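None of the figures in this text is laboratory data; all of them are computed from the coordinates on show. Since the model is a prediction, treat every value here as computed from it, not as a measurement. Because the Cβ atoms are built from the backbone with ideal geometry, glycine has one as well, and the counts that use them run over all protein chains shown.
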Amino acid sequence: MTALLQLIEGKVRHGKRLGRTIGFPTANIATSASCIPTNGVYGVEVYLKNQLYNGVMNIGNRPTFNDGNHQTVEVHILDFQDSIYEEHMNVKIVFPIRPEKKFKSIEALIQQLQLDVQYARNQFKSKALRGVS
């Protein structure tokens, strides 16, 4: 998985709130970027309100939910609960996690998301220990 674009920016818009229902609320980014990276899951740094956060971003069509063939850009910010609708967000891709895929059930998706978040946490921790910015 190779990212074509390292920075995505846009406003946080209301989505279908599906992530919230499964324990992984996401910020849906309305971006005007014409060149979005390959569909998949990425570890990201989120710049929001002059603060830096770590997160996990999905770019794709959400095939497990089977809700249409439209591409979304969604970010789950780690350890974050604030309402940020209409806020401007910059998202820097730091590392790829996995390609997007369809899961057999919502439960299988949740299990994979838990693994994705743990992988991202480990990568960010390792990066911090190495002093990489």
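Annotations for the structure displayed:
- Cα-based reach from Lys127 at 15 Å (exclusive), listing aspartates and glutamates while leaving out same-chain residues under 8 positions away: Glu45
- FRET efficiency for Ser83 and Gln118, using Cβ-Cβ distance with R0 set to 35 Å, rounded to 0.05: 0.85
- Loop-located GluC sites (Glu not before Pro) across region 29-130 with a Cβ neighbour count of 10 or fewer within 10 Å are Glu86, with loop assigned by DSSP.
- Over region 7-124: Kirkwood hydrodynamic radius from C-alpha pairwise inverse distances, Å: 14.2
- Within region 33-113, the trypsin sites (Lys or Arg not before Pro) that combine a DSSP coil assignment with at most 14 other C-beta atoms in a 10 angstrom radius are Lys49, Lys101, Lys102, Lys104.
- Within region 80-114: backbone nitrogen closer than 12 Å to the Lys49 label point (7 Å, Cα to C-beta): 80-88
- Within the shell defined by Cβ-Cβ distances under 12 Å, the residues around Val94 carry a net charge of +1, with Lys and Arg each +1 and Asp and Glu each -1.
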